[in-house]
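Scroll down for the structure; my scribbles are underneath it.
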Amino acid sequence: MGMSWKQHGDGKTVAPDAIVLPEERLSWPKTIGFGAQHVVAMFGATFLVPLLTGFPPTATLFFSGLGTLLFLVLTGNRLPSYLGSSFAFLAPIGVATGVGLGSGDMPSAEGFARASFGILAIGVLMTIVGIIVQRFGTRWINALMPPVVMGAIVALIGFNLAPAVKNNWNATANSGWVALITIVSVLLITVIFRGILGRLSIVLGMGVGYLAAVLMGEVNFDGVRDAAWIGLPDFHLPGNPFSDPSLWGLLPMFLPVVLVLIAENVGHVKSVGLMINRDLDPVTGRALLADGISTMLAGFGGGSGTTTYGENIGVMAATRVYSTAAYWAAGIIAMLLGFSPKVGAIIFSVPAGVLAGVTVALYGLIGLIGVKIWIDNKVDFSKPINQFTAAVALIVGIADFGLVLGSESSPIVFNGIALGTLAAILVYHLMAWAARVRGLGDAVSPIEPGTGSVKVQEEA
């Protein structure tokens, strides 16, 4: 599929029983309007990442737009998607920069460089995964990480962030009230409104919370007043691991993010395929490759790592417009916003209370994506192999266990996410191996009611 789109119908309307396919478009004014709608849909989540981590919002917006255009090119305009900031990077970025998430403190230049190296490394690894999937398919991923393992890893990444919410909730005397107003607004908007407004509940709820924070004197507008309207994005280079070997020690913290990005991209491909009634599985490798290169570019220039966005799937489902032309418009608009320091200053003016209110839901929702993986794949939790895999991984991740190996000058740091990921993979495969050694496959019977004992039996 090339860079041209055929016009859908009269270019103005979509019949109730019709959809606008990826290779189609409406009139260009309407297409640009739908592109702007996609920018609004992604904005609430995308700017939260730099706001929570201290990363430059302008660079983040620029690379999200650039990554989206790159994604469309590499998938041959067959797969509509917006690449926004990934929340999976939050915890390792927070550790790498040494700045608490949402604290309002700016990381040092060294902190930026350390975190950007981690993002760059994940982009390289994702690119390699994309090439492998394009060549060999996704079966090897399912063998290494069956649904119980994948679900546990995704869940613990969300739940590991819970302490950051508490810190923001208690940041100032009024933070708790602002947070409460924000989360209640998000919940009510989600329930009361339908269609696009309901799907924008996060950004609209943050708007209500921001207004409340202004009335309570919680917002400082000095940075907004002083910022220029037009300027270059705030780019930062990553650290050099060959001159600073300690950077290699950060990789264990970042590696689990790859598993989340794989799950999100594969899920996106399948979701869009179902909505437009097409088999898009052959594009999966290209999607992973594109996200990998996009994340690599972001890491090299000071932006946040990217991923496909469910918010934009929601917009497509509500409008029935799957045109990739709209995403080209969205990507260009996002890149242009990246050239406005004023936009970045407004983003950074959001106070801790608003962040606490929205992240108390968002972090939990990240965790629930893992639970949804279990439900969708009908993971049988009456089997101890599944019980122990999830139980051990979740406790290690939520409690944020830590382990430091190596020398003091070049430490290798394992945080709760890294250790929880290792636990999920090792517990599952160790128990499965032990069962196979006994000739039982991986069959483990349910725990008998009232006894607490575990009985192993051979598969039928």
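Looking at GLY406 and the list (1) at pLDDT 75 or above; (2) in contact with a helix residue (DSSP H, G or I) (Cβ under 8 Å, 6 or more places away or on another chain), which single condition is not satisfied?
(1)
Can you go through VAL257, VAL321, VAL269 and tell me which one is within 18 Å of the chain's Cα centre (by Cα), crowded, with 22+ Cβ neighbours inside 10 Å, closer than 15 Å to LEU79 by Cβ and not basic (Lys, Arg)?
Numbers: VAL257 fails: closer than 15 Å to LEU79 by Cβ; VAL321 fails: within 18 Å of the chain's Cα centre (by Cα).
Only one candidate qualifies: VAL269.
Regarding the range 67-86, can at least one residue be identified that is in contact with a Ser or Thr (Cβ under 7 Å, 6 or more places away or on another chain) and over 15 Å from GLY331 (Cα atoms)?
Scanning the range 67-86, I find at least one residue that is in contact with a Ser or Thr (Cβ under 7 Å, 6 or more places away or on another chain) and over 15 Å from GLY331 (Cα atoms), so the answer is yes.
Provide a single number: the residues in the range 360-381 that are of a type outside the set (Asp, Glu), outside any helix (DSSP H, G or I) and surrounded by fewer than 16 Cβ atoms within 10 Å (Cβ to Cβ). Write out each step before concluding.
Filtering the range 360-381 for residues of a type outside the set (Asp, Glu) gives 360-375, 377-379, 381.
If we keep only those that are outside any helix (DSSP H, G or I) too, we end up with 377-379, 381.
So of that shortlist, the ones also surrounded by fewer than 16 Cβ atoms within 10 Å (Cβ to Cβ) come out as 377-378, 381.
The total comes to 3.
Any idea which of (1) within 26 Å of the chain's Cα centre (by Cα); (2) surrounded by fewer than 15 Cβ atoms within 10 Å (Cβ to Cβ) is the one TRP229 doesn't satisfy?
Tallying (1) within 26 Å of the chain's Cα centre (by Cα); (2) surrounded by fewer than 15 Cβ atoms within 10 Å (Cβ to Cβ), TRP229 fails exactly one: (1).
Mind listing whichever residues of the range 238-254 are assigned to a helix (DSSP H, G or I), out of contact with any strand residue (DSSP E or B) (no Cβ under 9 Å at 6 or more places or on another chain) and surrounded by fewer than 23 Cβ atoms within 10 Å (Cβ to Cβ)?
Let us first name the residues in the range 238-254 that are assigned to a helix (DSSP H, G or I), namely 245-254.
Retained after the next criterion (residues that are out of contact with any strand residue (DSSP E or B) (no Cβ under 9 Å at 6 or more places or on another chain)): 245, 247, 254.
Matches in the range 238-254: PRO245, LEU247.
Looking at the range 230-241, is at least one residue over 30 Å from ALA121 (Cα atoms), at pLDDT below 90 and touching a Ser or Thr at 6+ places or on another chain (Cβ under 7 Å)? Steps first, please.
First pass over the range 230-241, keeping only residues over 30 Å from ALA121 (Cα atoms): 230.
Then keep just the ones that are at pLDDT below 90; that gives none.
No, the range 230-241 contains no residue that is over 30 Å from ALA121 (Cα atoms), at pLDDT below 90 and touching a Ser or Thr at 6+ places or on another chain (Cβ under 7 Å).
Please go through the range 272-320 and give me each residue that is under 17 Å from PHE117 (Cα atoms) and assigned to a helix (DSSP H, G or I), ordered by number. Even if it seems obvious, please write down each step before you answer.
Of the range 272-320, the ones under 17 Å from PHE117 (Cα atoms) are 291-306.
Once the filter is applied, which keeps residues that are under 17 Å from PHE117 (Cα atoms) and assigned to a helix (DSSP H, G or I), the range 272-320 yields ASP291, GLY292, ILE293, SER294, THR295, MET296, LEU297, ALA298, GLY299, PHE300, GLY301.
Would you please name the residue that is surrounded by the fewest Cβ atoms within 10 Å (Cβ to Cβ), looking only at residues in the range 1-53 that are small (Gly, Ala, Ser) and assigned to a loop (DSSP other than H, G, I, E, B)? Reasoning before the result, please.
Of the range 1-53, the ones small (Gly, Ala, Ser) are 2, 4, 9, 11, 15, 18, 27, 33, 35-36, 41, 44-45.
Narrowing the set further to residues that are assigned to a loop (DSSP other than H, G, I, E, B) leaves 2, 4, 9, 11, 15, 18, 27.
Numbers: GLY2: 7, SER4: 9, GLY9: 12, GLY11: 15, ALA15: 9, ALA18: 12, SER27: 13.
Here the residue is GLY2.
For the subset of the range 199-220 comprising residues that are assigned to a helix (DSSP H, G or I) and not aliphatic (A, V, I, L, M), which member is nearest to ALA318 (Cα to Cα)?
Residues of the range 199-220 that are assigned to a helix (DSSP H, G or I), as a first pass: 199, 201-215.
Pick out the ones that are also not aliphatic (A, V, I, L, M) and you get 199, 201, 205, 207, 209-210.
On the way: ARG199: 9, SER201: 14, GLY205: 20, GLY207: 22, GLY209: 26, TYR210: 27 Å.
Looking at the filtered set, the residue picked out is ARG199.
GLU23 fails exactly one of the following numbered conditions: (1) among the charged types (D, E, K, R); (2) closer than 21 Å to ALA171 by Cβ; (3) touching a strand residue (DSSP E or B) at 6+ places or on another chain (Cβ under 9 Å). What is the number of that condition?
Answer for GLU23: the failing condition is (2).
In the range 324-359, what count of residues is obtained for those that are farther than 18 Å from PRO22 by Cα, among the hydroxyl-bearing types (Ser, Thr, Tyr) and within 22 Å of the chain's Cα centre (by Cα)? Full working, then the answer.
Within the range 324-359, the first condition is being farther than 18 Å from PRO22 by Cα, and the residues that meet it are 333-359.
From what's left, among the hydroxyl-bearing types (Ser, Thr, Tyr): 340, 349, 359.
Next cut, within 22 Å of the chain's Cα centre (by Cα) only: 359.
Total meeting the criteria: 1.
Looking at the range 133-147, which of its residues are touching a residue at least 60 places away in the same chain (Cβ under 8 Å) and part of a helix (DSSP H, G or I)?
Within the range 133-147, VAL133, GLN134, ARG135, ILE141, LEU144, PRO147 meet the criteria.
Could you say whether any residue in the range 423-439 is surrounded by 13 or more Cβ atoms within 10 Å (Cβ to Cβ), under 21 Å from THR53 (Cβ atoms) and modelled with pLDDT of 80 or more? Before the answer, list the steps.
Of the residues in the range 423-439, the ones surrounded by 13 or more Cβ atoms within 10 Å (Cβ to Cβ) are 423-432, 434-435.
Checking the rest, the ones that are also under 21 Å from THR53 (Cβ atoms) come to none.
For the range 423-439, residues surrounded by 13 or more Cβ atoms within 10 Å (Cβ to Cβ), under 21 Å from THR53 (Cβ atoms) and modelled with pLDDT of 80 or more: absent.
Suppose we filter the range 313-338 for residues that are out of contact with any Ser or Thr (no Cβ under 7 Å at 6 or more places or on another chain) and closer than 30 Å to TRP229 by Cβ; how many remain? If you could, list the steps in order and put the result at the bottom.
First, pick out the residues of the range 313-338 that are out of contact with any Ser or Thr (no Cβ under 7 Å at 6 or more places or on another chain): 314-322, 324, 328, 332-333, 335-337.
Remaining after also requiring closer than 30 Å to TRP229 by Cβ: 315, 328, 332-333, 335-337.
The number of residues fulfilling the criteria is 7.
What single numbered condition from (1) modelled with pLDDT under 90; (2) out of contact with any Ser or Thr (no Cβ under 9 Å at 6 or more places or on another chain); (3) more than 30 Å from PHE300 (Cα to Cα) fails to hold for MET145?
(3)
Might you let me know whether the range 158-172 holds any residue that is in a helix (DSSP H, G or I), surrounded by 18 or more Cβ atoms within 10 Å (Cβ to Cβ), modelled with pLDDT of 80 or more and of a type outside the set (Phe, Trp, Tyr)? Steps first, answer last, please.
Start the filter on the range 158-172 by keeping residues that are in a helix (DSSP H, G or I), which leaves 158-159, 162-169.
Retained after the next criterion (residues that are surrounded by 18 or more Cβ atoms within 10 Å (Cβ to Cβ)): 158-159, 164-165, 168-169.
Pick out the ones that are also modelled with pLDDT of 80 or more and you get 159, 169.
When the remaining residues are screened for being of a type outside the set (Phe, Trp, Tyr), the result is none.
No, there is no match, as no residue in the range 158-172 is in a helix (DSSP H, G or I), surrounded by 18 or more Cβ atoms within 10 Å (Cβ to Cβ), modelled with pLDDT of 80 or more and of a type outside the set (Phe, Trp, Tyr).
Within the range 12-52, take every residue that is modelled with pLDDT of 85 or more and hydroxyl-bearing (Ser, Thr, Tyr) and give me the one that is nearest to THR306 (Cα to Cα).
Taking the candidates together, the pick is THR31.
Conditions (1) outside any loop (DSSP other than H, G, I, E, B); (2) at pLDDT 90 or above, marked per residue:
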residue: THR68; (1), (2): yes, yes
residue: ASN77; (1), (2): no, yes
residue: PRO92; (1), (2): yes, no
residue: MET106; (1), (2): no, no
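The values are calculated or read from the model by the stated rules, or taken from the named source; none is laboratory data. Predicted model only: the values in this text are computed from it and were never measured. Note that we place each Cβ from the backbone using ideal geometry, even for glycine, and neighbour counts take in every protein chain shown.
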